[in-house]
Amino acid sequence: MTLQRIFSDQDKAQIEERGLSVEQAMEQIRIFREGAAPLKLNRPCTLQDGIFVVGEEEGGELVRLHEEEARAGRMLKFVPASGAASRMFKDWYRILDAGGLQDEDSRTKFLRDLKKYAFFEDLKSVLAKAGRNLDDLLEKGDVCPILSTVLAADGLSYGQLPKALLKFHLSPEGSRTAIEEHLVEAALYVKDAQGRCRVHFTVSAEHEGAIQEFLRRIDEIYEKRWNASFDLSLSIQHAHTDTIAVDLEKAPFRDLDGFLVFRPGGHGALLENLNALDGDIVFIKNIDNVVPDSLKPSTVLYKQILGGYLIRLQRRIFSYAARLTEGGLTEDELSEIIAFCRRDLCLSFPPAFNGASLSERCRQVFQRLNRPLRVCGVVRNVGEPGGGPFWVEDETGALSLQIVEEIQVDSNSESQRSLWRAATHFNPVDLVCGVRDYLSRKFDLRQFVNPRAISIARKTEKGRELYALELPGLWNGAMADWNTVLIEVPLETFNPVKTVEDLLRPQHQEK
């Protein structure tokens, strides 16, 4: 099938306007037609088999390492914050469509819980300005006006705002949005000796202005409160990382005006944003995974432990990489480095490695060490959605540690599905990344992606079904060729807000 038969001149112009090439669009269509290649799971990572545990004494030393390098200004916090809040409120929209809650127990619970939300006082104020009394609505059990005011653009507009700007928690100073909680966290574990806190948020284009304005409004308040100087930056997902959609026949999907439809390529597209930063040690954490102040000590402690663990590994890696480039290693010296690779980085080497010459083995070991490094916090699997840590086998039989999403698993293989179900831990997007090499040069992170680790999902566009292509996920295939270390952290450090009702969980209610 030629390009001429698939794309018109108008199509080609539209593709190129987005920063894509026609060849890239064709390659995406080929992937749709051939299907995404699933990963081959070898076994789940478990304690002492890919997952390390940090003891109390060791933890104290790691915290000291973290604090030392934080003071030196090496830390940056990277927060994917483009998520829209509309999905949080899907149940509330359903109640509105149904004309309210017909079940009396459900209605009583909803009305009782309403006062627990951090946005309750804002809701009362907005209703009062419209000439309505919230207490009267609560007494009457009138749910719909309340929900409408929370969600509608002429009310709190929570159905249109990004999660970043929703009020999540109460604090002694008042209510806090998700983005404010991230500023507080940054002041607690990425602040340097001059008080500088570097934080980068990835946001959607439609919300960029509102978030910029909000940060301008609160920046000075938090700087005074936390004796910090916030270096805040924003970026949006690049249009050239969008992917073409296809219809159910795997032909290019078009809108009602005949134009090609492109969709965001998933969080894997944010690798471009991460790569563009002048980063060194980068903490990655989703916008909705925050806690009120009462739970911050544990969260901060384990961020520091993860950071210290990465620093300790980096020091060994950088020392060995420098020694390998100098040359002249003996067999004993190389054996020490190989043992470190296998024991501390869980690296494996191809079958022919042991029979290779000393110089060839030195070359391969250097190639494995000279990569970006990530230390991932993993928690016990208690049924929450999320990617799991697995030993994954490539086409040569070599094993590597990967964070795997369920969509990447072969759904037609009972043995693979069984391995997926056997996972004991999952990754709650709690990562610290080392993105510079032993000479302090930035890695080009695009060179360490598994381009085959894409996924295909069935979606709808204005009621019409289509297939969408998602790029290798940021902490999945986009980091597939990084060196990966997994550390068990307590479940209390993972508190995502996926639905508005999650804000009623005890861990989101300030004590």
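With all distinct Cα pairs included, what does the Kirkwood hydrodynamic radius of segment 265-325 come out to in Å, to one decimal, could you say? If you can, show how the numbers build up before the last one.
Numbers: mean 1/r = 0.0690 Å⁻¹.
Hydrodynamic radius (Kirkwood, Cα pairs) of segment 265-325 is 14.5 Å.
Note that segment 98-250, at 20 °C in a medium of 1.002 mPa s, gets a Stokes-Einstein diffusion coefficient of 117 µm²/s from its Kirkwood radius over C-alpha pairs. Computed from the Cα positions only, the extents of segment 270-411 along the three principal axes stand at 55, 38, 29 Å, in decreasing order. Between GLN24 and PHE259, the simple spin-label model (points 7 angstrom out along Cα→Cβ) gives 1.8 nm.
Ratio to report: Rg/Rh of segment 26-153, with Cα atoms as the point set and Rh obtained by the Kirkwood method; give two decimals.
Working: Rg = 25.3 Å, Rh = 20.9 Å.
Here the Rg-to-Rh quotient is 1.21.
The separation of segment 327-345 from segment 259-293, counted between C-alpha centres, amounts to 35 Å.
Compute the Rg/Rh shape ratio of segment 433-510: radius of gyration over Kirkwood radius, all on alpha-carbon atoms. Ratio of gyration radius to Kirkwood radius for segment 433-510: 1.12. Computed from phi, the 3J(HN,Hα) profile of segment 321-329 under the Karplus parametrisation 6.51, -1.76, 1.60 (θ = phi - 60°) reads 4, 5, 5, 5, 6, 5, x, x, 5 Hz, with x in place of Gly and Pro. Can you give me the Cα centroid spacing of segment 449-491 and segment 71-98 in angstrom? Centre-to-centre (Cα) distance: 18 Å. Accessible surface of CYS362, taken over heavy atoms with a 1.4 Å probe and every protein chain present, rounds to 20 Å².
From the coordinates of this entry, log10 I(q)/I(0) by the Debye sum over Cα atoms at q = 0.07 Å⁻¹ is computed, and it appears in (1) -0.39; (2) -0.34; (3) -0.44 under the label (3). Summed over qualifying helices (DSSP H, 4 residues or more, each -39500 (n - 2.57)) and divided by its residue number, the chain shows a 222 nm mean residue ellipticity of -11500 deg cm²/dmol. Please list, or write none, the lysines whose alpha carbon is within less than 20 Å of the alpha carbon of LYS191, excluding same-chain residues fewer than 8 places away. Within reach: LYS77, LYS224, LYS285, LYS296, LYS303.
Write down the Kirkwood hydrodynamic radius of segment 397-476, to one decimal in angstroms, obtained as one divided by the mean of 1/r over all alpha carbon pairs. Please list the in-between numbers first.
Values: mean 1/r = 0.0633 Å⁻¹.
Mean inverse Cα-Cα distance, inverted, gives 15.8 Å.
Taking amide H as placed 1.01 Å from N in the peptide plane, the amide H of PHE168 sits under 5 Å from that of ARG176, THR177, ALA178, each at least 5 places away or on another chain. Summarising the strand pairing of the chain, around 60 percent of its internal DSSP beta bridges are antiparallel.
For the chain, what % of the accessible area comes from carbon and sulfur atoms, probe 1.4 Å?
Heavy-atom surface of the chain belonging to carbon and sulfur, 1.4 Å probe: 48 percent.
The values are calculated or read from the model by the stated rules, or taken from the named source; none is laboratory data. These numbers were taken from a predicted model, which means no experiment stands behind them. Virtual Cβ from ideal backbone geometry, glycine too; neighbours counted across all protein chains shown. We work out accessible area using only protein heavy atoms, side chains counted, and drop any ligands, DNA or RNA first. Shrake-Rupley method; radii C 1.70, N 1.55, O 1.52, S 1.80 Å.
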